[in-house]
Amino acid sequence: MDDVRLVDGDERALDARVAKVVAALGAGCAVSRFTYWYTGRPPVHEAVVQLPRTP
């Protein structure tokens, strides 16, 4: 399975979605978060849930 990429305009909604994914995948996941700022538009929030890498 690849990493899970989530994008949302509502940061709280994104937090809830990330929590569901992490709960489903279990311990060992890492979450990276980014916010994209655009002139004249609301920000877009992104989270990437990275699965543990197996050797």
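Scanning the stretch 20-35 for residues that are more than 24 Å from residue 54 (Cβ to Cβ) and open to solvent by less than 90 Å² (accessible area, probe 1.4 Å) gives a single hit, 35. Contact annotation: residue pairs with Cβ atoms under 7 Å, 6 or more positions apart or on different chains, pairing a residue in the stretch 17-31 that is within 11 Å of residue 3 (Cα to Cα) with a partner that is small (Gly, Ala, Ser) and at pLDDT 95 or above, are 31/47.
If the condition is being open to solvent by 90 Å² or more (accessible area, probe 1.4 Å) and either in contact with a His (Cβ under 8 Å, 6 or more places away or on another chain) or of a type outside the set (Phe, Trp, Tyr) (or both), then the stretch 37-55 contributes 39, 41, 42, 53, 54, 55. The sole residue among 15, 2 that is out of contact with any helix residue (DSSP H, G or I) (no Cβ under 6 Å at 6 or more places or on another chain), open to solvent by 60 Å² or more (accessible area, probe 1.4 Å) and part of a loop (DSSP other than H, G, I, E, B) is 2. Of the numbered criteria (1) touching a residue at least 12 places away in the same chain (Cβ under 8 Å); (2) not in a loop (DSSP other than H, G, I, E, B), the one residue 52 fails is (2).
The values are calculated or read from the model by the stated rules, or taken from the named source; none is laboratory data. Since this is a predicted model, take the numbers as computed values, not measurements. Positions of Cβ are generated from backbone atoms using ideal geometry, with glycine treated the same way; all protein chains shown enter the neighbour counts. These area figures cover heavy atoms from the full protein model, side chains too; ligands, DNA and RNA do not enter into them. Shrake-Rupley method; radii C 1.70, N 1.55, O 1.52, S 1.80 Å.
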